[in-house]
Amino acid sequence: MKTLILLILILLILSGCDNFTSSARYTKDEYVITGLLYEGLPVEYIFIGKTISPYNDSYPDMNVPDAEAVIKEFAGETLNDSIPLIYFQLEDSIGVYLDPDILIDPSSAKTISADYTYRIEVLIDGTLVSAETEIPEPIAFVDDPAFTEDSTAVFPQLDIDTADNEHPLKIQSQNTEPINLLYRFYCLLDFEDHPQYIISFGDHDTPEDEEEYENPADGFPRRIEFFGQYQPSEENGNFFVTESAYSGAIVFYGDYEISVFSVSENYYNYLYKTDGFKHGGIVNGYGYFGAVSGVNVYTEVVE
């Protein structure tokens, strides 16, 4: 799944053009970084590459397997630590950069913390490409009987007809500062499980093929996302964001993973701005380098 998401993000960079004949945007002289740091997890799945022609090149031509890449951790202006990255080949001939400790001993790999800011520096053929991001403060999901944070438990049931009114998604934040939130809804059923549409699609109640269930380009409708900037409200000295209009992002009955991420400015700008790949914080290149802090909950959507 992470590989598919990576490829989708790369496609988004390439698709953000009104005129595909533009040589100014698509030359092999431009470099690309797409990467998210997850609070509480090690560094992995950082794509470092170059733009390609929309005519003759293939996705493997985007790869830059010999970049010198490091992520630096700062406490204020003080360098606290450095994490050299190595290239790792995935399927589909696409490679990513990650902390080598993940391959040796994952338990020893350094984890990302909201106490620090992080800077990536990439040297490619004498060109320095860089970016810096803050880590959003952790968020928490407010307990609700229709959801569980335990992915191994028997999932509680969520009645789709009363979801918005009786079981809004309530998130606790750190303060009243505006917060950028990304919501992701992912149906956990396989295509072979014959997932049933909540609202019939055309003349059939279940997807007719795997592409109808999960489009390779964006994962729709199995995977649906929406995002926005929210203003927390204060309740008894605590701060909350309540999303009570989310049921339209749930397309199928059955088991769901619902993720809520607080996202950094770099990644939020990439998501919502026109030509977002120019606004993701990359200096001397395209793409984005951002960070998220999130929580996953699970439920079984029923009639």
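The values are calculated or read from the model by the stated rules, or taken from the named source; none is laboratory data. Computed from a prediction, not measured in an experiment: that's the story for all the values here. Counting neighbours? That spans all protein chains shown, and the Cβs are built from the backbone with ideal geometry, glycine included.
What to note about this one:
- Which listed residue, of PHE227, PHE201, PHE277, is surrounded by 18 or more Cβ atoms within 10 Å (Cβ to Cβ) and not small (Gly, Ala, Ser): PHE277
- Scoring PRO195 on the criteria (1) closer than 20 Å to GLU303 by Cβ; (2) not in a loop (DSSP other than H, G, I, E, B); (3) not charged (D, E, K, R) leaves a single failure, condition (2).
- Residues being part of a strand (DSSP E or B), surrounded by 16 or more Cβ atoms within 10 Å (Cβ to Cβ) and in contact with a helix residue (DSSP H, G or I) (Cβ under 8 Å, 6 or more places away or on another chain) are entirely absent from segment 113-130.
- Where a residue in segment 262-291 is farther than 15 Å from GLU132 by Cβ and not assigned by TED's automatic domain parsing to the domain that holds TYR97 and its partner, wherever it lies, is of a type in the set (A, V, I, L, M) and at pLDDT below 95, with Cβ under 7 Å and at least six apart: PHE277/ILE13; TYR286/ILE13
- Count - residues of segment 91-109 that are in contact with a strand residue (DSSP E or B) (Cβ under 6 Å, 6 or more places away or on another chain) and either at pLDDT 95 or above or assigned to a helix (DSSP H, G or I) (or both): 5
- Checking ASP144, ASP205 one by one, the residue that is touching a Pro at 6+ places or on another chain (Cβ under 9 Å) and of a type in the set (D, E, K, R) is ASP144 and no other.
- Filtered residues of segment 278-303 (kept if of a type outside the set (A, V, I, L, M, F, W, C) and outside any strand (DSSP E or B)): LYS278, HIS279, GLY281, ASN284, GLY285, GLU303
- Where a residue in segment 137-162 is under 24 Å from PHE239 (Cα atoms) and its partner, wherever it lies, is surrounded by 14 or more Cβ atoms within 10 Å (Cβ to Cβ) and of a type in the set (Asp, Glu), with Cβ under 8 Å and at least six apart: PRO138/GLU39
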